[in-house]
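To start, the structure under review is shown below, and the notes come after it.
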Amino acid sequence: MASSTQNHQQHFPTSSGTTSAPPPTPSTTKHNFTSTSDSAATDLLSRLLHRLPPTLSNTPLLLRRRSSLASTTTTSPPVVPFSELNSSFSTTLPSVSELGFFQLTSHSIPSELARSAESDSLSLFNLPRHLKHQHFPRSWPLGFDDDDDDEEDTGTGDSLFLDSSCSTDSSELSLSSLREFTRQMEKIGFAVVEALLCAMGLQNPAGDDPDSLCSMMWVSNRSGSPDDKLVGSGVFYPYVVGLHYQFRSQSCSLLADPGWVTVSSSMDSILVTLGDIAQVWSNGKLKKVRGKPALSMEEGNNSSPLTSMSLLVTLPLESTVSPLYPRVEISNHDNKNQNEDEDCKSNEVNTFNSFSFEDYAWRVYHERVPLKDPLDRYRI
């Protein structure tokens, strides 16, 4: 599978605000709802909450308040060595499918590179506000997200979305470590997607079209306070798999399908979460995690900044999301492969309607107070 950043980054808006298209409007396509009235009521309430003042509608605030709802028992995720990725999934797939996350160890990213990339990221968050937006103009979904419409600091911290080449309008910034770290994380992410789909017997869309997958680097920064226990970015973006580098041994909370769960992972490992796109692709067989891990600030120095770096393997905005078909093994001695392929497609009963990725991403990103699973509207 090709992983050229030049091929992938073209599917996102450019970093220049002058060339980006206006934000998409939600689709008017009608979907089959299990309960139209319930869905409409939930959408209305979600929009109303989104218009509330930041201090009332802030998702990170909800994350902190919900910390008591997370499991009091810390879960150790299944361990999958990267060097044994394909063989490990043959035994760990049942638990990974049920949980929606696992810990990736024995990967090829040097610890020194990760910390150098973290240093590059911190230097960006330390820039004056006007330089942040000058060097990384907002062009959804890329650029800085720092509540720049608010008059006061709401305590959400900053998030920065970068394309796979970490493009910037500045020729002065040195981001060599961040770019190399992103490149290596992307390579691992594509390998995880291939191994996961292969273990499930599903066709990989990137097998025939490498441009059907792309990646984003999602960096968040937050300076804690003694009252903070959980820190989340308050931002959601759909993805296939999310790779969250663990800079320290520290617990975090994940918003999984069953609810909030507390997990711990080893320093310098990669916590991998399965996203909403993976759940649709698997026809509901995989559990998912929404958003990125909410870091715990109860350990260590609460006043020190926390930086989280996540590589999202996601889709180009123009994509259509639907369940994937099973793989069909090709045999030189079987002349009925075409018919078998068609039979597999016709026998697969979908649990999700197809939908526009762009419309879905826009909705998920801007509804920062998620009242229910956003995929519910597409379930059959």
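Filter region 257-286 for residues that are under 13 Å from the mean Cα position of the chain (by Cα) and aliphatic (A, V, I, L, M); which is nearest to Asp373 (Cα to Cα)?
In the first step, residues of region 257-286 are kept if they are under 13 Å from the mean Cα position of the chain (by Cα); the result is 271-279.
Checking which are aliphatic (A, V, I, L, M) leaves us with 271-272, 274, 277-278.
Values: Leu271: 22, Val272: 20, Leu274: 15, Ile277: 13, Ala278: 14 Å.
Looking at the filtered set, the residue picked out is Ile277.
Return the residues of region 285-321 that are assigned to a loop (DSSP other than H, G, I, E, B), at pLDDT 95 or above and small (Gly, Ala, Ser); say none if nothing qualifies.
Passing the criteria: only Ser319.
Go through region 198-216 and report how many residues are within 17 Å of the chain's Cα centre (by Cα) and within 22 Å of Ile270 (Cβ to Cβ).
Keep residues of region 198-216 that are within 17 Å of the chain's Cα centre (by Cα), which gives 212-216.
So of that shortlist, the ones also within 22 Å of Ile270 (Cβ to Cβ) come out as 213-216.
Number satisfying all stated conditions: 4.
With the requirement that a residue be among the small types (Gly, Ala, Ser), open to solvent by less than 40 Å² (accessible area, probe 1.4 Å) and part of a helix (DSSP H, G or I), what does region 120-140 give you?
Ser121 - this is the single residue of region 120-140 that is among the small types (Gly, Ala, Ser), open to solvent by less than 40 Å² (accessible area, probe 1.4 Å) and part of a helix (DSSP H, G or I).
Go through region 170-266 and tell me which strands (runs of 3 or more DSSP E), entirely inside it, have 3 or more residues that are modelled with pLDDT under 95. Working first, answer last.
Values: elements: 214-223, 241-245, 251-256, 259-264.
Of the strands (runs of 3 or more DSSP E) lying wholly inside region 170-266, those with at least 3 residues that are modelled with pLDDT under 95 span 214-223, 251-256, 259-264.
Applying the selection to region 85-100, what residues are in contact (Cβ under 8 Å) with a residue 12 or more places away in the chain and in a helix (DSSP H, G or I)?
We begin by selecting, within region 85-100, every residue in contact (Cβ under 8 Å) with a residue 12 or more places away in the chain; these are 85-86, 89-90, 92-93, 95-100.
Residues satisfying the conditions are Leu85, Asn86, Phe89, Ser90, Thr92, Leu93, Ser95, Val96, Ser97, Glu98, Leu99.
Can you confirm whether region 153-168 contains a residue that is of a type in the set (Asp, Glu) and within 21 Å of the chain's Cα centre (by Cα)?
Of the residues in region 153-168, the ones of a type in the set (Asp, Glu) are 153, 158, 163.
Adding the requirement that they be within 21 Å of the chain's Cα centre (by Cα) leaves 158, 163.
Yes, region 153-168 contains at least one residue that is of a type in the set (Asp, Glu) and within 21 Å of the chain's Cα centre (by Cα).
The values are calculated or read from the model by the stated rules, or taken from the named source; none is laboratory data. Since we're looking at a predicted model, the values are computed, not measured. Neighbour counts run over all protein chains shown; Cβ positions are idealised from the backbone, glycine included. Note: accessible area is taken over every heavy atom of the protein model, side chains too, but ligands, DNA and RNA are not part of it. Shrake-Rupley method; radii C 1.70, N 1.55, O 1.52, S 1.80 Å.
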